[in-house]
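K.L.:
Pasting a structure below so you can have a look.
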Amino acid sequence: MVGRSFGDGVRDTIHAAGMTQRQAAERAGWEEPKVSDLVNGKGGVTEVELALLLGLCHTPPDDAQHLLALYRESREKGYLVFPEDGFTDQVRSLIEQERLANKITMWSMNVIPGPLQIPDYIRALIERSVRAKKVNVAEVIAAKTARQGIFHYSRTFLFYLHEHALRLQVGGADVMQNQLLHLLAMINRSYVTVRVVPSSYGAHAGLSGSFRLLNYDKFEPVVFTETENSGLFVEDKTSLATYVDVLKLLDAQALDAEQSRELITSILA
């Protein structure tokens, strides 16, 4: 996944410079296949060579630092990110990978999953967090809401969440009512499924924490997990298999889609 993000970023920076891959290779004094391997995430260059290419493309400093960081991580089993604003679900790499994924599966233990949150719910979460005084709340809400554009009938979305997330009062009764109504509206979309693990089940497979699994048509899947101030992309096969096993158990432990709808409706009533 990191190699893919890195290759896409190099391709974009060459394009932004108004060059073809052949022209970029000529300016760098390389053979064209070397650039081709680079944009396909296969590496084949040193960090110094990459810096040379980025300089030739007049890549903005922030973008250059991002690509250099991806380059350094591209041979690792995981990719750790520390976003400057503290919101790990807003990192560029995650946004890019969500855009490419054809299936997104999320497990959320304590709150409504991010892509299903309404603005007032998002605001309430931010205002009660340690980041409340460090960010422009309106800008964060706008950014998070804009990311909900990933919903499209050409993709599949499966959300597992714990009943606690439905009952946790975030922003007061009116906000929760609107949030649950929005959740019911989203369930009406044929490509969106919500499954609830009921509190009555007790201990469950997702106790280690929330995560999201991204699946692609042409690439290997990747898992994204987050803490208070960092996020981790996991893509080695052993770790991925463990997360898939967690989802299999949650599938067995959760209410089915219709039962989940009935539970949400009963909480509203």
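The values are calculated or read from the model by the stated rules, or taken from the named source; none is laboratory data. Model, not experiment: these values are computed from the prediction. Every residue, glycine as well, gets a Cβ built from its backbone with ideal geometry; the counts of neighbours run over all protein chains shown.
K.L.:
Please find, within segment 59-83, the residue that is farthest from residue 239 (Cα to Cα) out of those that are modelled with pLDDT under 75 and assigned to a helix (DSSP H, G or I). So that I can check it myself, show each step before the final result.
P.N.:
Just the residues of segment 59-83 that are modelled with pLDDT under 75, to begin with: 72-83.
Filter once more, so that each one left must be assigned to a helix (DSSP H, G or I): 72-73.
Working: 72: 21, 73: 17 Å.
Within segment 59-83, the match that is farthest from residue 239 (Cα to Cα) is 72.
K.L.:
Sticking with this structure for a sec: Which one of the conditions (1) farther than 15 Å from residue 104 by Cα; (2) aromatic (Phe, Trp, Tyr); (3) out of contact with any helix residue (DSSP H, G or I) (no Cβ under 6 Å at 6 or more places or on another chain) does residue 201 fail to meet, given that it meets all the rest?
P.N.:
Single failed check for residue 201: (3).
K.L.:
Six or more apart or on different chains, Cβ atoms under 6 Å: show the pairs whose first residue is in segment 12-35 and within 19 Å of residue 48 (Cβ to Cβ) and in the same structural domain as residue 67 (by TED's automatic domain parsing) and whose second is charged (D, E, K, R) and surrounded by fewer than 18 Cβ atoms within 10 Å (Cβ to Cβ).
P.N.:
Within 6 Å, the pairs are 25/32.
K.L.:
Among the residues of segment 102-124, is there at least one that is surrounded by fewer than 14 Cβ atoms within 10 Å (Cβ to Cβ) and either at pLDDT below 90 or more than 28 Å from residue 153 (Cα to Cα) (or both)?
P.N.:
No, segment 102-124 has no match at all.
K.L.:
Go through segment 14-60 and give me each residue that's under 16 Å from residue 71 (Cβ atoms) and among the β-branched types (Val, Ile, Thr).
P.N.:
14, 35, 39, 45, 46, 48, 59
K.L.:
Within segment 1-41, which residues are charged (D, E, K, R), modelled with pLDDT under 85 and either within 25 Å of the chain's Cα centre (by Cα) or closer than 15 Å to residue 96 by Cα (or both)?
P.N.:
Matches in segment 1-41: 4, 8.
K.L.:
Test residue 162 against the criterion of being within 21 Å of the chain's Cα centre (by Cα), under 20 Å from residue 254 (Cβ atoms), surrounded by 15 or more Cβ atoms within 10 Å (Cβ to Cβ) and not aromatic (Phe, Trp, Tyr), and give yes or no. Show your work before the answer.
P.N.:
Numbers: within 21 Å of the chain's Cα centre (by Cα): yes; under 20 Å from residue 254 (Cβ atoms): yes; surrounded by 15 or more Cβ atoms within 10 Å (Cβ to Cβ): yes; not aromatic (Phe, Trp, Tyr): yes.
Against the criterion (within 21 Å of the chain's Cα centre (by Cα), under 20 Å from residue 254 (Cβ atoms), surrounded by 15 or more Cβ atoms within 10 Å (Cβ to Cβ) and not aromatic (Phe, Trp, Tyr)), residue 162 qualifies.
K.L.:
For segment 2-33, which positions are out of contact with any Lys or Arg (no Cβ under 8 Å at 6 or more places or on another chain), part of a loop (DSSP other than H, G, I, E, B) and either loosely packed, with under 14 Cβ neighbours inside 10 Å or of a type in the set (A, V, I, L, M) (or both)?
P.N.:
Within segment 2-33, 17, 18, 20, 29, 31 qualify.
K.L.:
Let me ask you something else. Of the residues 111, 135, 194, 140, which single one is without any contact (Cβ under 8 Å) to a residue 60 or more places away in the chain and outside any loop (DSSP other than H, G, I, E, B)? I'd like the intermediate steps shown before the answer.
P.N.:
Details: 111 fails: outside any loop (DSSP other than H, G, I, E, B); 135 fails: outside any loop (DSSP other than H, G, I, E, B); 194 fails: without any contact (Cβ under 8 Å) to a residue 60 or more places away in the chain.
Testing whether each residue is without any contact (Cβ under 8 Å) to a residue 60 or more places away in the chain and outside any loop (DSSP other than H, G, I, E, B) leaves just 140.
K.L.:
Next question, about the same structure. What residue, among those in segment 224-254 that are crowded, with 19+ Cβ neighbours inside 10 Å and assigned to a loop (DSSP other than H, G, I, E, B), is modelled with the lowest pLDDT?
P.N.:
235
K.L.:
Return yes when residue 205 is assigned by TED's automatic domain parsing to the domain that holds residue 247 and over 16 Å from residue 265 (Cβ atoms) and no when it is not.
P.N.:
Numbers: assigned by TED's automatic domain parsing to the domain that holds residue 247: yes; over 16 Å from residue 265 (Cβ atoms): yes.
So residue 205 passes the test.
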